[in-house]
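For reference, the structure is listed below as structure tokens.
The values are calculated or read from the model by the stated rules, or taken from the named source; none is laboratory data. Bear in mind that the values here come from a model prediction, so they are computed numbers and not experimental data. Here the Cβ is made from the backbone with ideal geometry for all residues, glycine too, and neighbour counts use every protein chain on show. Heavy atoms of the whole protein, side chains included, go into the accessibility calculation; ligands, DNA and RNA do not. Shrake-Rupley method; radii C 1.70, N 1.55, O 1.52, S 1.80 Å.
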Amino acid sequence: MRVSGEERRRLIVTTIGELGGQVRLAELAERLDIPAVTVRRDVAALADSGRLVRSHGYVSLERSSPKHLAGPDGGAAGQTVGLLVPSVGSYFDEVIAGVRSAATAAGIQLVLGIAPYGADDDRTQAEQLLESGAQGLLLAPGLLPGLEREDCAWLDSLPVPTVLVERRSPTPDGPGSQLDSVGSDHRDGVFGALRHLARLGHDRVLLAARSDSWTAEEVRAGYAEGTRLLGMEPLPVLDTLRTDEPGSAPGELARRIADAAADGTRAVLIHNDQDAIQLPPLLRVLGLTVPDDIALIAYDDVFAALAAPPLTAVAPPKRAVGEAAFALLLRRLTGGFDLPIHRTSLLPTLHVRTSCGG
């Protein structure tokens, strides 16, 4: 029999009273056999109505526990939000800037955590953000196709409203699939780059890409889809990270591109800016100039405009992603418990510069 929301919330209050003291939300969900995401939303509604108190992943009936401060309009001023990213100093700097400016405008404190690619400490860092007082989370965890479900199962038991940033569950029912998400549509970005090159007369485009991040996997998927839709010949992707494969070091990558040019491929899409910026002088040593002999497009557009020549680049809307993710989290924090799950994709922009010759 389907249980109504009010009955479910009554059971939550009763169970907490029976257990006494503070109860972890994950334990509460397990005891009641209710999905963690549902318990989290019910608890948030009960806390806002004054029937419960939340504190660092726990919930209790004690009225002496600290509560968040509400703004004059009933908003979330005075709360703390945690942001977890894999790195600073490049792509995610603009995402952080977007979140930070939006949080400042809302009067909310932002706490930053960093879980580097491959470190496998996303959960540890997220728990630290919760312990620091975060009442909502913005997360960019290491979600990749083929990831074992248990590695990210913790995403389904988070005790506070959470939005995935530049990430989405690898499968429709995978870890984090019931969380809101806001990110760039990288597949659309790659398609835009391929379409631009096709209009310039290129029917073969080589992709050189990383293989260690969500963005990299989406770029690769976008290349496979885009070449098919545009009737281009798909070429083997050069992995710019693998040390056991030719094409990994910048000099060797340039030689592989030169070999492809000798076979008639005169356009290259490079993920990311750092790898793309190194290529023009290395190609020049091999007798190829950009853009006369090779059309070059970078993916990321963090530093592409500073290259010589300036690189045409796909620019994911990084700052806008940060702002939109924070806005969605703020809606959850200020009463948007019954909103449907949001999966928001923002489209990248192609900035045409000298390196394409058109």
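Annotation note: Cβ proximity below 8 Å between a residue of the range 333-358 that is under 30 Å from residue 79 (Cβ atoms) and β-branched (Val, Ile, Thr) and a residue that is at pLDDT below 90 and in a loop (DSSP other than H, G, I, E, B) (sequence gap 6+ or interchain) occurs for 334/74; 334/75; 334/76; 341/178. For the range 147-155, the criterion of being buried (at least 22 other Cβ atoms within 10 Å of the Cβ) and modelled with pLDDT of 95 or more is met by none of the residues. Evaluated against (1) open to solvent by less than 40 Å² (accessible area, probe 1.4 Å); (2) among the hydrophobic types (A, V, I, L, M, F, W, C); (3) out of contact with any helix residue (DSSP H, G or I) (no Cβ under 9 Å at 6 or more places or on another chain); (4) within 30 Å of residue 103 (Cα to Cα), residue 260 falls short on exactly one condition, (4).
Among the residues of the range 204-237, those identified as without any contact (Cβ under 8 Å) to a residue 40 or more places away in the chain, in a helix (DSSP H, G or I) and among the small types (Gly, Ala, Ser) are 221, 222, 224, 226. Residue check: residue 30 meets all listed conditions (1) under 18 Å from residue 160 (Cα atoms); (2) modelled with pLDDT of 85 or more; (3) open to solvent by 30 Å² or more (accessible area, probe 1.4 Å); (4) out of contact with any helix residue (DSSP H, G or I) (no Cβ under 8 Å at 6 or more places or on another chain) but one, namely (2). Just name the residue that is most open to solvent (accessible area, probe 1.4 Å) out of those in the range 7-23 that are modelled with pLDDT under 80 and outside any loop (DSSP other than H, G, I, E, B). Going through the qualifying residues, I end up with 18. Of the strands (runs of 3 or more DSSP E) lying entirely inside the range 303-358, those containing at least 2 residues that are open to solvent by less than 10 Å² (accessible area, probe 1.4 Å) and closer than 30 Å to residue 289 by Cα are 312-315. On the basis of being surrounded by 18 or more Cβ atoms within 10 Å (Cβ to Cβ), touching a Ser or Thr at 6+ places or on another chain (Cβ under 6 Å) and at pLDDT 95 or above, does residue 182 make the cut? Here the answer is yes, as residue 182 does meet what is asked.
Of the residues making up the range 271-295, those that are assigned to a helix (DSSP H, G or I), in contact (Cβ under 8 Å) with a residue 40 or more places away in the chain and either open to solvent by 60 Å² or more (accessible area, probe 1.4 Å) or of a type in the set (Lys, Arg) (or both) number 1. Taking residues in the range 101-119 that are closer than 18 Å to residue 333 by Cα, and partners anywhere that are open to solvent by less than 30 Å² (accessible area, probe 1.4 Å) and assigned to a helix (DSSP H, G or I), the pairs with Cβ atoms closer than 8 Å and at least 6 places apart or on different chains are 102/322; 102/326; 103/326; 106/326; 109/103; 110/99; 110/103; 111/129.
The residue list 118, 75 contains one member that is modelled with pLDDT under 90, under 28 Å from residue 274 (Cβ atoms) and surrounded by fewer than 22 Cβ atoms within 10 Å (Cβ to Cβ), which is 118.
Each residue in the range 234-254 was checked for being open to solvent by 30 Å² or more (accessible area, probe 1.4 Å) and modelled with pLDDT of 55 or more, and 8 of them qualify. Consider residue 205 carefully, then state whether it is under 14 Å from residue 316 (Cβ atoms) and surrounded by 23 or more Cβ atoms within 10 Å (Cβ to Cβ). Here the answer is no, as residue 205 does not meet what is asked.
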